[in-house]
Amino acid sequence: MNRIFYYELKRLIINKIFIGLLLVNGVYAWYLLTTDIIAGIAYTAPFSAWSFGAYLGKVMPFSILTVLFLLSFYYSKKQKSVEILTEQTPISPGQFLIIRSTALLVCFLIISILAIGISLFFYIHFWEYHKFAGFLLPALFILPPCFVFAVGIGQLAGRIHQALLYLLMLAAFAVSFSDFNGAFDFFGAGYFSSYPLSLPFDAFGEPAFEVSMEFCTARLIYFTGGIVLFIISISISGKKAKKA
């Protein structure tokens, strides 16, 4: 299984498309930091947990688009010829989905580490700020739910028809430009930009970082929903393999 994993990971990472998309993510992250986040979000400091959460929510659409685009490789016509070889291995279709999703996770982590690394450099360079422990919660609220749900629904869509993956990309792109800022805001940028305005100021003149129960519930629903969709994809793959 390790050989198959490294093979799948190599297919995703060592190609011009991933490198190009990684650069786009990095450039866009720096653009957001120096044009939007630098002024602070919802009257909070640029280095507040609210501003950092809004920053992650704003870069997340490009990250998810990258993941969905890489996922589309697995459902291309070229991939069908590769699957003729993979079907000869003792690995089940469900295990292949897990391996490929793990490879996608590594790609997502690389993109996320780049975005977070750029932001940390930004905070140190411009503000001499080093207290990054407060950034952990915003990252946990945004990164895992977005990735798990996107891969879960992406695997299911791709299993049905590759064109559905491109529709998902369009949907993700459209959502990123929407003004929705409620608890179910998928990327979270709107929520982190608006919810602080409803909170009282603390002793430092800023609202303390505390998200609503509705937002926590929504993140749990996205995370759990992604897992359920992934399990459904595994089930469909297994049934198709038996019919074949």
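Every number in this text was worked out from the coordinates using simple rules, so none of it is lab data. Please read these numbers as outputs of a predicted model, since none were measured by experiment. No Cβ is skipped: glycine too gets one built from the backbone with ideal geometry, and neighbour counts run over all protein chains shown.
Tabulated data for the structure shown
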read-out	value
Spatial separation of Cα centroids for region 42-65 and region 88-164, in angstrom	16
Pairwise centroid distance, computed over Cα atoms, of region 1-41 with region 200-228, Å	26
Hypothetical label at Trp30: residues of region 49-72 whose amide nitrogen lies under 19 Å (7 Å Cα-Cβ projection)	55-56, 58-60, 62-63
Cα radius of gyration and Dmax for the chain (Å)	19.4, 66
Inter-probe distance in nm under a simple model that places probes 7 Å from Cα toward Cβ, at Ala163 and Tyr7	3.1
Longest segment of the chain lacking GluC sites (Glu not before Pro) that sit in a DSSP loop with at most 12 other Cβ atoms within 10 Å	1-86
Net dipole in debye of the chain [+1 Lys, Arg Cβ; -1 Asp, Glu Cβ; about Cα centre; nearest 20]	1560
Computed helical MRE - 222 nm, the chain, DSSP H runs ≥ 4 contributing -39500 (n - 2.57), nearest 500	-25000 deg cm²/dmol
Count, lysine Cα pairs under 19 Å in the chain, 8 or more residues apart or across chains	8
Degrees between helix 2-13 axis and first principal axis of the chain (Cα, 0 to 90, nearest 10)	60
Among Ala189, Cys146, Tyr31 - extreme Cα towards positive end, dipole of region 2-243, charges at beta-carbon	Cys146
